[in-house]
Amino acid sequence: MDMPIAQRTVVINNPQGLHARPAEMFARLALKFDSEIEVIRESLRVDAKSILHVLTLGAAQGTELVLHARGADAEAALEALSRLVDSDFTADETLSQGSQG
Amino acid sequence: MKFIDFVSREAIRTSVEVDDKEQVIRSMATALLESGKIDKDQHDSIVEAILKREELGSTGIGRGVAVPHTKHPSVSELVGTVAVSADGVDFDSLDGEKVHLLFLLVSPPDRPGDHLRALENISRQLRDETFCRFLKQSKTPADVWQLLEEADNNQFV
């Protein structure tokens with residue numbers, strides 16, 4: 001059975017980089033989707049649904065990341081995740097707080 | 001960044017017996033105070049800032065690990081410590097597991113890069129299941145320090 005595949009490139013823009021709070025927001029949002037989602041930085045490929053994994057990217061401001069999803073909701077997942085990154089982690093759909101922390 | 005670059009050896013605590021998030025954070029900050037890494041008159045302010053940060057979202061990052069942290073103007077370099085709890089602490093982690101291993105970090109507000117590199121190092125090393133398990137089973141601060149040194153020397157990855 002062929003599963004839909006989606007891929008997008010995003011850039012981390014917030015000055016603090018992808019630190020604990022954004023990583024948590026990112027993983028928490030990724031968990032809402034059934035698709036397998038990976039985040040790729042150069043040769044590093046990690047599970048988007050694990051904060052521990054996302055933090056290993058050490059993504060500072062300006063880092064380019066490739067999001068790769070495979071599953072029925074792949075496109076929707078990457079749409080939501082790239083919107084979160086593009087908003088500098090203020091457009092979290094699960095919580096109303098800001099991006100500090 | 002290596003563990004020995006930011007973990008204060010004298011502030012490592014094992015057999016932590018408190019089971020509540022606030023208490024464990026407070027005791028770790030006290031350990032930093034006792035090892036001379038933070039000022040006495042800043043202790044409460046640092047604890048409060050870390051607890052406030054936890055309110056935004058738990059720093060329990062999964063696998064029984066938490067990284068409570070804050071920026072604080074009273075420190076001039078990144079300081080950190082490690083605590084091990086055999087019984088585990090309720091931390092509202094994303095995966096629902098109790099936390100047995102904590103890395104507490106206090107960083108100067110103008111050095112976000114150092115903080116990010118410390119988080120990157122902690123999470124990368126803890127992805128190794130053996131290292132993570134050994135750390136949680138540590139009985140003495142000396143055991144923890146030895147494991148951190150071994151990890152720094154790439155003996156786990």
Response to the item:
Within region A:84-95, of all residues that are in a loop (DSSP other than H, G, I, E, B) and either open to solvent by 10 Å² or more (accessible area, probe 1.4 Å) or of a type in the set (D, E, K, R) (or both), the one nearest to the other protein chains (Cβ to nearest Cβ) is A:L95
Practice prompt. Could you grab me the full set of residues in region A:34-51 that are within 13 Å of the chain's Cα centre (by Cα) and of a type outside the set (S, T, N, Q)?
Written response: A:E36, A:I37, A:E38, A:V39, A:I40, A:R41, A:R45, A:V46, A:D47, A:A48, A:K49, A:I51
Discussion item. Anything in region A:17-63 that is within 8 Å of chain B (Cβ to nearest Cβ), touching a helix residue (DSSP H, G or I) at 6+ places or on another chain (Cβ under 8 Å) and open to solvent by 10 Å² or more (accessible area, probe 1.4 Å)? List them, or say none.
Written reply: A:S50, A:H53, A:G58, A:A60
Practice prompt. List the helices (runs of 4 or more DSSP H) that sit entirely inside region B:1-113 and contain at least 3 residues that are open to solvent by less than 10 Å² (accessible area, probe 1.4 Å) and either acidic (D, E) or within 28 Å of A:A59 (Cα to Cα) (or both).
Written response: B:21-34, B:43-56
Discussion item. Conditions first: (1) under 28 Å from A:F26 (Cβ atoms); (2) touching a helix residue (DSSP H, G or I) at 6+ places or on another chain (Cβ under 7 Å); (3) β-branched (V, I, T). B:V75 passes all but one, so which condition is the exception?
Written reply: (2)
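The values are calculated or read from the model by the stated rules, or taken from the named source; none is laboratory data. Not measured: the values here are computed from a predicted model. Reconstructed Cβ throughout: ideal geometry from the backbone, glycine too, with neighbour counts over all protein chains shown. Quick note on the areas: whole protein, heavy atoms, side chains included, nothing else; ligands and nucleic acids left out. Shrake-Rupley method; radii C 1.70, N 1.55, O 1.52, S 1.80 Å.
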